[in-house]
Each structure stands twice: as C-alpha cells, then as structure tokens.
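> Could you have a look at this structure, given as structure tokens, before my questions?
The values are calculated or read from the model by the stated rules, or taken from the named source; none is laboratory data. Not measured: the values here are computed from a predicted model. Because the Cβ atoms are built from the backbone with ideal geometry, glycine has one as well, and the counts that use them run over all protein chains shown.
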C-alpha cells in the first residue's frame, strides 16, 4: 500500500461528488484549478461563479501554511485572480527548506465567516481516528488541547454515541448539522479509501458546513477498486521533489515494468555510488555509508528488485554509471554493486545487464578512477560473481567480488577505505 | 494474537493459487528436515480439481487440488496454515474466506499492493478470532527444521548454508523479505542458527507486528534471544519499545532500524497545522533506534555492526549456560531438478523432437533462420514463406512467384470436382469448418490432385534415363501403371487446360531451363496419338515444371532434388492451394444456409 497526497482541488471534488452520492445532500462547494495550460476565458465560461463572486486564490502544491507565506490572495475579482496567478505561476518558492516552482493554483469563492472548525480523520492499524475542534484555522496550533479525538474500530461506522463527545460543547442549533456532516464525511473517507483527510478550517454557510482549506491522502493501491469513483485523479510528486532528467528517465522505466527501479541523486560529485538489489538492502547500504561517516560522499540512492529484465537492468545501469562518472576530477571513486541473498531472483541474469553496461562505459569508468565492489547471494550467484570477476580482468577495472560468506555491507567499508587511501 | 508456537514438524498448509516452484521448494525443505509428511496438504486453484504431481525427495507424490477454499478445508481439517499466492486484487477476499474457516489458524499473504482498508478488515477479524495474519507483502516465514512458507529462505543451497534444516536458538522478525534471507545467513554465521523467522511485510499496517512476534518468541522456551530488523516510517517499533519498558520481554533483543539515510534526502515540509502534532521525527530510524536502546534492546551504531552485536549477545548466553551447543546433523541430499541439472551441465538429457525449420526462442520467431520482422519488412510473400519452411532457404523471386501461381491456379475448380463435392456435403451436414475442410482434403489422392509427385517422379526418371516418349509410355503400360500427369476427364486436344498453358508460358519466360516440361510435352504429343483426352494435365504440368525449377535455379544439389522428389513435396502445393477453395465452399454453403444433402433417388441405379 502507498499513501499518496492529492491536491486540495481533488479532495474537494471528491468530497462534493460523493457526499451527494452517500447522503443525497448537496455541498455548495465551488472550486476551479489553474495551471500553465489553463485557458482563462474558457474557464470563466465553464464556471460562471468566477465572474459573479469575490474569490480566493491559493497554490495547490501539497504544502500548507500558505497564508502565512503571502501566497494566498483574498477578496479578488476574476481579473485580479488572473493577474495574481500569472505573476506567480512557474515561479520558484521556498517552503520549510524545500524549493520548487508553483505549477497549480486553486480558485474558490471568497467566504466571509466567523466560525472556524477543525476536522481530521486518520487511518490507523486497528481503525480510524477522528478529531474535531471548535478552534480551527490558524488558531489550531495554539489550541491543540481543545481538539477532541474519538477512535472507531475497523468494521464499525461512526455512530451517534461516538460522535457525541466530539460535538458536546457545540450550540444546539448547529450540533445536529455538524454531527450529520461528520458521519457522512467519515463514511466517505472509508468508501473512497482515504488514508488521511483534514479540513482546517471548515465553517458554516447558511448553517451548513463548508470546507475552506482541505487536505487529503488516498491509498493508491486501492486504485483498481476506485478508478470510477476517483475519476481523473492526480498524485503529484511531493513539493520540492523535482526530478532531474536522469531520475525522470528511471522513473519512466519503473512505471513501464513490473519490477522496481529507483534512483535518486544526492550529490552529483559524490565519490561513493550505489546500485543495490532489494528494497530493504538498498536502504541499508545508503545507511551504512552515512553511519560510517561518509554521507557527504554518497552520490545516490539506487535500488532494483522484482526480477527486472536484462534490457531494463542495462538501461538502468547505464544511467547510474553515467551519473557516477560525470565529474572526473582525478579523485578515486567507488561503485558499490550490492545486495542481500535473493529468495528467487536469478543473480546471473540480473548481473548480465549490469555487465553489459560496465563494458559499454569502460572508458568513462577509467577516467573517473572507478573501483567496483560487488556482493550478492541467491539463486545462481556463483555464476553471477564469476561473470563479474571475469569482467574485471577483461576491461581492466578493479572489481572486488564477494558472495554471501561476506557481510552484506562489508564492501561499503572497503569502498570508503579505497576513496580515502592516499592517491 | 496467538501466544507462542505457530508451527511444528507436523504443520500442514493449504496453498492458494497454484505456483509450482514455491510448493516444490516447501516440499524439498520438508524432505531436507526429515519430515515424514509433506507440509502442503492441498492446493486451491479456483475452478480446478484433481491432482498436481510434485516431488517429495526422490518420490513423486500427488497433491490434491480443490476448486474452493471451503472444499479444501473440509478435505484437510488438520491443515491450519493458509498460504495465499493470489494477486493483490483477490488476495484480501480469499484471505478473509480462509480466516473464516474454523480449521485455519494462520494466513500468510504474499501479494504486494493489497489496499490498506482491506488489510485492516483482515487484522480486525484475526484479532477478534485469535488468528494470525503474516503479510501482506511478505515472502513468508520459517521454523527451522519444521516448516517453511513458500519461497522463504530461497534456494536449497542457501537453506543448507544457513542451517535452517534444524532448529537453532534465535527468533528473528523483520519487515523486509529480502533482508530476512540475508539475516538468516548472518545469524547462522554468528550463532547456532534460527529457531523461527518471520517477515511481516513492508506495508504500513502489517497483519501482525514486530512486537507481536517478539512476544510470541518470548513465550517459546526454545527461543533464547531475538533479533529484530525494522524500518523507518510507521510506529510499529514503538509497541516493541513499550513491551520492553513494561518488562514483558525477558530475553535479550538485538535490534536495528534501517533508514538512517533519510536525513540525506531533502525533507518534505510539515503539512498543514496537524503536521506539527504528528510525530514525524519519531518515525525516523534514528529516533527508533534510540528509543529501542533506551528501552533495553541491544542496538549497534550501524548495520555493519549488527552482526557483531548478535554474536556478542549469543556468546554471552552460551557463557551463562543458557544455551547448550547443538548437535549438528547432516541433511539428506535432495535430487536436483532435471531442468536445473541440464542447465548446469551435470546431466545430458536427449531431446524428443528436432526442428530445423523454425525457432521460437528469443525475441521473435524465425523461419529457417530468417526473423519474422525481416520477412515482413522485405515484402516477402507466401511463396517466400513456403521456400523457407519447406525448402529451408530463400529462393529467387521467379521461384517464389511460380509457387504462388501454382497456388492461385489450383485454388478451386468448381463445386463438381470430388473434393469440393465432399466438402459441400459435409458442410451441409452441419459440420464445422475444419471437418468440412478435411473432408475435401482427404479426397486428394492418386485420382484427384494427388498425382503431382508421381508425375514428377516418373517424368524425372524417364527423362534422366533418356527414354523416348514411346519407350516411356509403352513401358508403363506394360507394367500396368497409368502415366501420372496425363489425361483429363474433360480437357482434350481441342480444349486445352488453360491452367497448363499459363504455367508453361510463365516458365518459358522466366525459367533458365524447361527441359522436363519439354519432355512432358513430347509425351503428351505421343499420348494424343492414342486418345483425344490424353493431354498433359495440371498435375503433370506442375510436376514437370517444378523439376525444372529445382534443376534450373541452381539452388539445389542433385541429391537434394532426388530427396525432394522421393519425399513428395509437391502434392503439398495442391493441398495448400485447394484448401483455399474448400474453405470458400464451406463458407458459401453456410452463408446460404443450405440443408442436409441427400442424393436423389433417380440418380441411383437400384439393381440386383
């Protein structure tokens, strides 16, 4: 399972559509999305309220605290919205240490309001917890003690008995309305395979709940069950997570295969590069370089698993090697080709792709003064390791090769010793 | 959650969704451990029933296959483990069906990608019914010397190297299936080995948790120490921290949480106001490792030091007399699979079929070494495909064109010829296309279309022996053999067969030599002096012209030509060509919805 954040626009779209389906009642939510490809005239025709309402515009980029950052504009007419958006679209901003361009905005009617409520539902292992407070919005952080939480065990619905403590202190005239709202939203949360849903704040318009700021996460492993319900859903990358060309290429390979191929550049000039089999093992290799004090020299995180085909491994390995050898500065570098003991992946078969790539990149590897460290076990590993040793002799690049008799991360220590030894 | 032992040397399982390899691996493990009974009691393959043959050591055994979970549980009431190899789409539903069976106590779910809400339903049901779920996204688990789930621990070589065929003293639990195999190896190297190992799977909400299994191990006297491998993300490790703090775990725990590298990645911002409250930092590997250390677990400073920490903890237990050395046993040898042995060159197995004309290994099929894409890209036709598959070579364009002309000219000759007649009768009897087609094809023989090869043989023999037409014809007559390729029921001297004329014209234009055809014409000239209908027919024309093609193209040795004529390649042309017409007649009758054919009485002479 994988929890994926969705844009505020999609959260509200799903809420509006399915609240009606589940309860028969309409939520008067209105929202529109603006991206670089948006035709403003077309949008205005499609959403007439844009011309008749005062509006709010916010970035829809999976980060919060937008108001405090000067990225939200209130009480505008549409022309002002267009002006505000055009000024900021594509511009880079920094939020909590992450930088990235703003690519998407959400526009909504401006709703003057007095009350700000807080609602949060989170999926937990044994059920779902639902939190509610009368002090929502910016004030939430000063009023955590006023947030009330109830737990609903798996298989149960949100009953009046469970809701009662959450809404106990509300005035009588709105208690029923909000209680009903919480129940339907909870049902919707379960029905659509949300894992997280937050409205901070929601207010009351004509006595009816209206979410102002909203955030949601879906379980994307439930996509096969929900593709009709979710409609045209988007799972954006986390804010600030801008992939380089090489990372995008691998991401594309990963999406086309049933295997797993992951690649992240950490330090393009790093002198220790990894290419590791297995999701669990690859993290440990990166950990170990860091834990032994050489995090700053770690060039990348890379992982392959799930028995990729030789051709896929070849393309993947080419990218890793190109990045590892991109900055030949006379200093020695290490390539760690590691992995645990496979359960059923044929080691020699996956190594074949890597070996082809290493042959192709022989001159680059030499120019970068690359030393290669290999460790692997599992089905057909003897042949795989023998192929690696033979390759080292064939292309004249030192390749240290180990099987399961060596510790998995021993080659990390060797790689560190190699790059730190006197030239 | 069960309090202790899950498996034993007599544990039996039901395997959902037939996968030959993991089942065979389980049976090989059973044999290696000296189990008397196989651990797989039955297989559930929805919609199937019967048996699957597998090996238990040297013997082949038949394991029952059941169509439903309910039927399998009823047939095997002592099998209390359900191993689910269903895909992510159906894994949850089949697992729930299994949990609801009174005989099933443990369910292992191999699939990755099971929706979170479905897993939670399984967890809730298992908890309220005191059952155990391992997974989803698990490779499984193992009790050394007793029971193995699916692919756990990988190859037999690895199992032997990790001494999993006999019990040790260490209980191991991990989130990662791949790293489980690695740790079995490490633990075997520095301790007396694994007693039980469980991979709970990498999902956010595992069916059973790290602490669930540690507490089980704590209750099992055979387990003297525990090794735990966690991961960043989630809060599962904290329930173990709580258990340690509360003194619920009395045996040493050596733990490591991987993911210390996460700080190297640019961190995501805190999201919204609730983010400030959620324990983002608590989920980091560093925080978890520190919390475990503070709670009393042995936690090294890096994974690299994990092995040493395990060794020290084990050695201390031995010094304190809490662990007695294990008497080593030698596991029985397991015969190697034939396919594996062949692949590694240990045995030679004779093949049963030889193919020289086509090869479907590799990227695409090849006809006589020519890739299919090449055939399409070069604009080859049916004649070229025939030259490759029948003659195993690419022939010059005029040869392949001649082949195609033969096919076109012989495709059909009306509904009254015997083959077409038989096809039509069969089609009108309501038979399917293939039956109707073969009715016509089976009519092909010495008197209908099957004379090409004989014509070629006799014309070739006579010509090569330099017999005059008189000598050839009279010689055959003396032997009582009809001259194949001569004679037609309808065509005669004054009404020549157009097909023959077309073939001859093409050959005179394109063939380097037409000596056999010329000889056949001379024979025809002689036979026409005897009777008006003794003309060269289409069989004779094709037979003689094909001899010219073989001899004149320079593509065949004399030996090859002799072999082609001897084997009888040429009737194949008629069979292939006439198939087109016979299929057409079948479609025609069916299109016209023609009723059963009954031959009219008046056309039969009833007599004594």
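> On the basis of being touching a helix residue (DSSP H, G or I) at 6+ places or on another chain (Cβ under 7 Å) and within 14 Å of another protein chain (Cβ to nearest Cβ), does residue A:398 make the cut?
Taking the combined requirement at face value, the residue does not satisfy it.
> If you don't mind, another one. Just to be sure I understand, how many residues within the range A:231-248 are surrounded by 18 or more Cβ atoms within 10 Å (Cβ to Cβ) and within 23 Å of residue A:322 (Cβ to Cβ)?
Going through the range A:231-248 one residue at a time, the tally reaches 2.
> If you don't mind, there's one more thing I want to ask. Identify all residues within the range A:357-388 that are touching a residue at least 12 places away in the same chain (Cβ under 8 Å), more than 30 Å from residue B:158 (Cβ to Cβ) and assigned to a helix (DSSP H, G or I); write none if there are none.
Within the range A:357-388, A:360, A:362, A:364, A:365, A:366, A:367 qualify.
> Answer yes if at least one residue in the range A:275-283 is surrounded by fewer than 24 Cβ atoms within 10 Å (Cβ to Cβ) and under 25 Å from the mean Cα position of the chain (by Cα), and no otherwise.
Step one: list which residues in the range A:275-283 are surrounded by fewer than 24 Cβ atoms within 10 Å (Cβ to Cβ), which gives A:279.
Imposing the further condition that a residue be under 25 Å from the mean Cα position of the chain (by Cα) reduces the set to A:279.
Within the range A:275-283 (the criterion being surrounded by fewer than 24 Cβ atoms within 10 Å (Cβ to Cβ) and under 25 Å from the mean Cα position of the chain (by Cα)), the answer is yes, since at least one residue qualifies.
> Another question about this same structure. From the set of residues in the range B:84-95 that are farther than 26 Å from residue A:217 by Cα and within 14 Å of chain A (Cβ to nearest Cβ), which is surrounded by the fewest Cβ atoms within 10 Å (Cβ to Cβ)?
Filtering first and then ranking leaves B:86.
Per-residue answers, yes or no, for (1) within 29 Å of residue B:173 (Cβ to Cβ); (2) buried (at least 21 other Cβ atoms within 10 Å of the Cβ); (3) assigned by the TED database to the domain that holds residue A:365:
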site: A:265; (1), (2), (3): no, no, yes
site: A:270; (1), (2), (3): no, yes, yes
site: A:302; (1), (2), (3): yes, yes, yes
site: A:312; (1), (2), (3): no, no, yes
site: A:317; (1), (2), (3): no, yes, yes
site: A:331; (1), (2), (3): no, no, yes
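> Further question on the same structure: Which residue is surrounded by the fewest Cβ atoms within 10 Å (Cβ to Cβ), if the candidates are limited to the range A:114-138 and must be more than 14 Å from chain B (Cβ to nearest Cβ) and within 26 Å of residue A:189 (Cα to Cα)? So that I can check it myself, show each step before the final result.
From the range A:114-138, those more than 14 Å from chain B (Cβ to nearest Cβ) are A:114-115, A:134; that's our starting set.
When the remaining residues are screened for being within 26 Å of residue A:189 (Cα to Cα), the result is A:115, A:134.
Working: A:115: 17, A:134: 20.
In this case the residue turns out to be A:115.
> Only residues that are within 12 Å of another protein chain (Cβ to nearest Cβ) and within 21 Å of residue B:219 (Cα to Cα): list them for the range B:188-199, please.
Passing the criteria: only B:199.
> From the list B:439, B:418, B:435, B:387, which one is modelled with pLDDT of 90 or more and over 40 Å from the mean Cα position of the chain (by Cα)? Can you show your working first?
Values: B:439 fails: over 40 Å from the mean Cα position of the chain (by Cα); B:435 fails: over 40 Å from the mean Cα position of the chain (by Cα); B:387 fails: over 40 Å from the mean Cα position of the chain (by Cα).
Within the list B:439, B:418, B:435, B:387, the selection yields B:418.
> Identify the single condition in (1) surrounded by 23 or more Cβ atoms within 10 Å (Cβ to Cβ); (2) at pLDDT below 90; (3) not in a helix (DSSP H, G or I) that residue B:207 does not satisfy, given that it satisfies every other one.
(2)
> Go through the range B:285-303 and give me each residue that's within 14 Å of chain A (Cβ to nearest Cβ), assigned to a helix (DSSP H, G or I) and crowded, with 20+ Cβ neighbours inside 10 Å.
Passing the criteria: B:285, B:288, B:289, B:303.
> Among all residue pairs at least 6 apart or on different chains, which show Cβ distances below 8 Å where the first residue, located in the range A:98-111, is within 14 Å of chain B (Cβ to nearest Cβ) and crowded, with 17+ Cβ neighbours inside 10 Å and the second is in a strand (DSSP E or B) and at pLDDT 90 or above?
Pairs that qualify, where the first residue is within 14 Å of chain B (Cβ to nearest Cβ) and crowded, with 17+ Cβ neighbours inside 10 Å and the partner is in a strand (DSSP E or B) and at pLDDT 90 or above, are A:102/A:59.
> How about the range A:270-292: which of its residues are in contact (Cβ under 8 Å) with a residue 24 or more places away in the chain and more than 23 Å from residue A:377 (Cα to Cα)?
Matches in the range A:270-292: A:270, A:271, A:292.
> Strands (runs of 3 or more DSSP E) wholly in the range B:101-169 with at least 2 residues that are more than 13 Å from chain A (Cβ to nearest Cβ) and under 25 Å from the mean Cα position of the chain (by Cα) - which ones?
Output list is empty.
> If you don't mind, there's one more thing I want to ask. Among residues belonging to the range A:267-293 that are within 11 Å of chain B (Cβ to nearest Cβ) and out of contact with any strand residue (DSSP E or B) (no Cβ under 6 Å at 6 or more places or on another chain), point out the one that is farthest from residue A:370 (Cα to Cα).
Step one: filter the range A:267-293 for residues within 11 Å of chain B (Cβ to nearest Cβ), giving A:267, A:270, A:274, A:276-293.
Still in the running and out of contact with any strand residue (DSSP E or B) (no Cβ under 6 Å at 6 or more places or on another chain): A:267, A:280, A:288, A:290-293.
Working: A:267: 16, A:280: 26, A:288: 20, A:290: 20, A:291: 22, A:292: 20, A:293: 20 Å.
Among them, the one singled out is A:280.
> Select from the range B:480-504 the residues that are surrounded by fewer than 19 Cβ atoms within 10 Å (Cβ to Cβ) and in a loop (DSSP other than H, G, I, E, B) and list them in ascending order.
Of the range B:480-504, the ones surrounded by fewer than 19 Cβ atoms within 10 Å (Cβ to Cβ) are B:480-482, B:488-490, B:492-496, B:498, B:501-502.
Residues satisfying the conditions are B:480, B:481, B:482, B:488, B:489, B:490, B:493, B:494, B:496.
> Okay, next question. Would you check which residues across the range A:206-258 are without any contact (Cβ under 8 Å) to a residue 60 or more places away in the chain, within 13 Å of another protein chain (Cβ to nearest Cβ) and over 19 Å from the mean Cα position of the chain (by Cα) and list them?
Passing the criteria: A:224, A:225, A:226, A:227, A:258.
> Kindly indicate whether residue B:392 is more than 24 Å from residue B:483 (Cα to Cα) and outside the structural domain of residue B:561 (by the TED database).
yes
> A further question on this structure: Has the range A:158-181 got any residue that is assigned to a loop (DSSP other than H, G, I, E, B), within 14 Å of chain B (Cβ to nearest Cβ) and crowded, with 20+ Cβ neighbours inside 10 Å?
no
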